[in-house]
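Inspection log for the structure reproduced underneath, given as structure tokens.
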Amino acid sequence: MLGWVSLRVRNLRWRDVGLTRYRSWPVTVALGVALGAALEVFQLLVTQPILVRLIGKQPDLEDFRSLTGNLKMTLLSIALSWTLAAFGEELFWRGYLMNRVADVFGRKETAWIMSLLLVSIAFGLGHGYQGLTGWIEEGLAGLALGLMYLRTGRNLSVPIIAHGVADTIDMVLIFFGKFPGM
């Protein structure tokens, strides 16, 4: 709501911060799905094992343990994930906050780099309930999602889809009891 008010005060629409399709809907969806799957594979096979080895702990996903074997809760969580996490977080973190931080630094290339770094760190810290491993991993995911946003010409649709796909893969793995450390 605050984002919407802030945009209205500045005479902007969500479209002005990237809530549009990228090129065409088939390209947008295909790119989002591919990047979301790649992000999740990278997290599961590269960043998470490295962080677990360095820190000695898996991300704390205890809040999601109730999904294991529970189809109704898993489907509900996936639906909530697509609305609150994929759509809501991308609108806030990339669409709103990255733009506001870039405004502060003058909207030049260095401003966008600063925005990407600062917002990614904040995004990671926003997932602090997952412990040190989780917030570092989510900070890196925020960096990847921010890069998607910037590389697609500040388009939100691709990172929204990628975020939703990555979270869906996580929840399906948790449902089947196959998520590392659970």
(message) What does the charge count around Thr83 come to, taking other residues whose C-beta lies under 15 Å from its C-beta (Lys +1, Arg +1, Asp -1, Glu -1)?
(response) -3
(request) State the Cα centre-to-centre distance between segment 103-182 and segment 1-77 in whole Å. (result) 6
(request) State, as an integer percentage, the relative contact order of segment 1-137 based on alpha-carbon contacts under 8 Å between residues 6 or more apart. (result) 29
(message) Need one number: nm distance between label points at Val172 and Trp25, each 7 Å from Cα along Cα→Cβ, rounded to one decimal.
(response) 2.2
(message) Which residue fluctuates most in the GNM of the chain (Cα springs below 10 Å): Leu76, Leu156, Leu19?
(response) Leu76
(request) With runs of 4+ DSSP H residues as the only contributors, calculate the mean residue ellipticity of the chain at 222 nm using -39,500 (n - 2.57) per run, divided by the residue total and rounded to the nearest 500. (result) -19000 deg cm²/dmol
(request) Give the residue from Gly124, Gly88, Ser157 lying farthest towards the positive end of the charge dipole for the chain; charges sit on Cβ (+1 for Lys and Arg, -1 for Asp and Glu) and the dipole is referred to the Cα centre. (result) Ser157
(message) Which one, Asn155, Asn70, Asn99, has the greatest fluctuation when you compute a Gaussian network model over the chain with C-alpha springs under 10 angstrom?
(response) Asn70
(request) Assuming 1.306 mPa s and 10 °C, estimate D for the chain with Stokes-Einstein, Rh taken as the Kirkwood radius over Cα pairs, in µm²/s. (result) 94
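At a 1.4 Å probe radius, carbon and sulfur cover how many percent of the accessible area of segment 1-51?
That fraction is 70 percent.
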(request) Could you rank Ile50, Ile55 by how accessible they are, 1.4 Å probe, largest area first? (result) Ile50, Ile55
(request) Quote to one decimal, in nm, the extra length available between Leu84 and Ser6 on full extension: 0.36 nm per residue of separation minus the C-alpha distance between them. (result) 26.1 nm
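Might you report the magnitude of the Cβ-based charge dipole of segment 1-123 about its Cα centre, with Lys and Arg at +1 and Asp and Glu at -1, to the nearest 20 debye? Could you put the intermediate results ahead of the total?
On the way: 14 positive and 9 negative charges, 85 e Å.
So the magnitude is around 400 debye.
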(message) Straight-line reach from Lys57: which lysines fall under 30 Å, measuring Cα to Cα and dropping same-chain residues less than 8 apart?
(response) Lys72, Lys178
(request) Place a +1 charge on the Cβ of each Lys and Arg in segment 75-182 and a -1 charge on the Cβ of each Asp and Glu, then give the dipole magnitude about the Cα centre in debye, rounded to the nearest 20. (result) 300
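The values are calculated or read from the model by the stated rules, or taken from the named source; none is laboratory data. Note that the coordinates shown come from a computational prediction; the quantities given were computed from them, not determined experimentally. Positions of Cβ are generated from backbone atoms using ideal geometry, with glycine treated the same way; all protein chains shown enter the neighbour counts. With ligands, DNA and RNA removed, areas are computed over all heavy atoms of the protein, side chains included. Shrake-Rupley method; radii C 1.70, N 1.55, O 1.52, S 1.80 Å.
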